[in-house]
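Read through the structure below, which is laid out as structure tokens, and then see the notes.
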Amino acid sequence: MQTRALREYATRRGWKIALQVKEVGSGASQRERREQLLESARRREIDVVLVWRLDRWGRSVTDLLATLQELEHLGVRFVSLTEALDLTTPAGRAMAGLLAVFAEFEREILRERVRAGLAHARQNGQRLGRPITASLQAEQVRKLSRAGVSKAEIARQLEIGRTSVRRILAHGNRGHPR
């Protein structure tokens, strides 16, 4: 149904279909077919991207806006059939401006939620950041170092980073700078 409607619309507009993309498994984070379509746009092989619905193109307002801006920069027009969003018209471009406002709003809300979550975690005494792993082996690091084992070899033996070994040895008994 969708394919037929898109083909009929393209025919009415006098467009030649250069590439048809059908994405299966739409929840996938890597959308290879969409990337192929964007590559075609970057190579200037297409003039218009026609989609059934906006959510078929972008998974978030931010993603949608980023790709719409890239298409606009490339001179590739964008039309969403179901929402009657045609970025080839002044009204459609105004709608894209509104999408930009909502994308910024979405980013701000997310930022606020993250900040609130971190503050809540701190208030509840949760330690934030990466777990302390190398410093748990600080005594073993110092012991191997006193025995003349190189820093690189200590890191290999204990399966920790060389930077962690250097930090432990540089900060004496504490094992980490705090």
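The values are calculated or read from the model by the stated rules, or taken from the named source; none is laboratory data. Keep in mind it's a predicted model, so treat the numbers as computed, not measured. For neighbour counting, all protein chains shown are included, and Cβ atoms are generated from backbone atoms with ideal geometry for every residue, glycine included.
Quick notes
- Looking at ALA84, ALA94, ALA103, ALA121, just one residue is free of Cβ contacts under 8 Å to residues at least 60 places away in the same chain, surrounded by 14 or more Cβ atoms within 10 Å (Cβ to Cβ), aliphatic (A, V, I, L, M) and out of contact with any Asp or Glu (no Cβ under 6 Å at 6 or more places or on another chain), and that residue is ALA103.
- The residue that is modelled with the lowest pLDDT, among those in the stretch 154-176 that are of a type in the set (Lys, Arg) and surrounded by fewer than 17 Cβ atoms within 10 Å (Cβ to Cβ), is ARG174.
- Selected residue (criterion: surrounded by the fewest Cβ atoms within 10 Å (Cβ to Cβ)) from residues of the stretch 38-81 that are part of a helix (DSSP H, G or I) and among the acidic types (Asp, Glu): GLU39
- Restricting attention to the stretch 124-153 and to residues that are part of a loop (DSSP other than H, G, I, E, B) and of a type in the set (A, V, I, L, M), the residue that is surrounded by the most Cβ atoms within 10 Å (Cβ to Cβ) turns out to be VAL149.
- Members of the stretch 82-93 that are in contact with a helix residue (DSSP H, G or I) (Cβ under 7 Å, 6 or more places away or on another chain) and part of a loop (DSSP other than H, G, I, E, B): GLU83, LEU87
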